[in-house]
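Below is one structure, written out as structure tokens; comments come after it.
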Amino acid sequence: MIRFLCLLIGLLMVSGRAQADTTNQPALAGVESFQAACRAWDASLFAEAAGHFRTAITNEPTNITNHYWLAVAEFHRMLQLRDQPTNAAAAAAALNQTIAALDRALALSPGHAECCALLGTTYGMKIDGSLLQAIRFGPKVASNRNLAVESGADNPRVQFLLGMCQFHTARKPAAWREALTTLTKAEALFTAEEKKTPTPLEPRWGHDTCLAFIGRVHECLGERDLAAEFYRKALKLHPQHHIAEAGLKRLGLEKDK
């Protein structure tokens, strides 16, 4: 009897979450815009997604999902803007917006794995090779990454963000291999995650870029065939993935084998 009641309560909780997901229309519109922005790699679409999430926050200010998705949209908008040096000021503003959204999310849910991983990553980007910035932000990078791994070691986006940061700070083959190990773990977790049916607002971003970064690591290690293999895997998930396209171009290869 007790087991049956526990099962019933569990089903009601899942049903309640699903209902909440489908009634949060601004956030659902935001996720749709975010996915379109990822496909087009368009900063204006990421800004559109962020606008939807801000509306969702106005409606439900204590819903961490809304703050999380706002941070994700601003983070990707920042990445897209950084592709063009003329957008440096706008990219810096988007980076600060990301941090602000993550701070609000973590105030609601301390230790949230993906938020901690994103916050550690954004503070790492603020360092940008500066010794003074490293002194200022280095402890925040370390503490947030540690919290992310403690609470989300099996989260694919946590491992992906960690591996991406390891790649960007790597200068020697041993460090590239370390990044490759982390990214490979992330890729396996992404593959396992895709076998599960997501709820409407459940995060499912990052797999294509993880594959592209695995390709970049292999390229840095001089492993051209493996680099091309993973660039093409990324393009199967996202046919216009800019990192994978650029990687194949550097290798002198066509997108379609």
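The values are calculated or read from the model by the stated rules, or taken from the named source; none is laboratory data. Since the structure is predicted, the reported quantities are computational estimates derived from the model, not experimental observations. Please note: Cβ atoms are built from the backbone with ideal geometry, for glycine as well, and neighbour counts cover all protein chains shown. Quick note on the areas: whole protein, heavy atoms, side chains included, nothing else; ligands and nucleic acids left out. Shrake-Rupley method; radii C 1.70, N 1.55, O 1.52, S 1.80 Å.
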Taking segment 173-187 and keeping only residues that are open to solvent by less than 70 Å² (accessible area, probe 1.4 Å), without any contact (Cβ under 8 Å) to a residue 40 or more places away in the chain and more than 19 Å from the chain's Cα centre (by Cα), one is left with A175
Enumeration of residues in segment 136-167 that are buried (at least 19 other Cβ atoms within 10 Å of the Cβ), closer than 17 Å to T184 by Cβ and of a type in the set (A, V, I, L, M, F, W, C): V158, F160, L161, L162, M164, C165, F167
Quick check on segment 22-30. Is at least one of its residues at pLDDT below 95, surrounded by fewer than 21 Cβ atoms within 10 Å (Cβ to Cβ), part of a helix (DSSP H, G or I) and over 18 Å from the mean Cα position of the chain (by Cα)? yes
Cβ-Cβ under 9 Å pairs, at least 6 apart or on other chains, segment 156-169 side closer than 17 Å to G215 by Cβ, far side open to solvent by 20 Å² or more (accessible area, probe 1.4 Å) and outside any helix (DSSP H, G or I): Q159/A153
Give me a count of the residues in segment 92-130 that are within 15 Å of A148 (Cα to Cα) and in contact with a helix residue (DSSP H, G or I) (Cβ under 8 Å, 6 or more places away or on another chain). 19
For segment 190-200, name all the residues that are in a helix (DSSP H, G or I) and either over 17 Å from G215 (Cα atoms) or in contact with an Asp or Glu (Cβ under 6 Å, 6 or more places away or on another chain) (or both). A192, E193
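Given the residues T62, T98, which is the only one that is β-branched (V, I, T) and touching a Ser or Thr at 6+ places or on another chain (Cβ under 7 Å)?
T98
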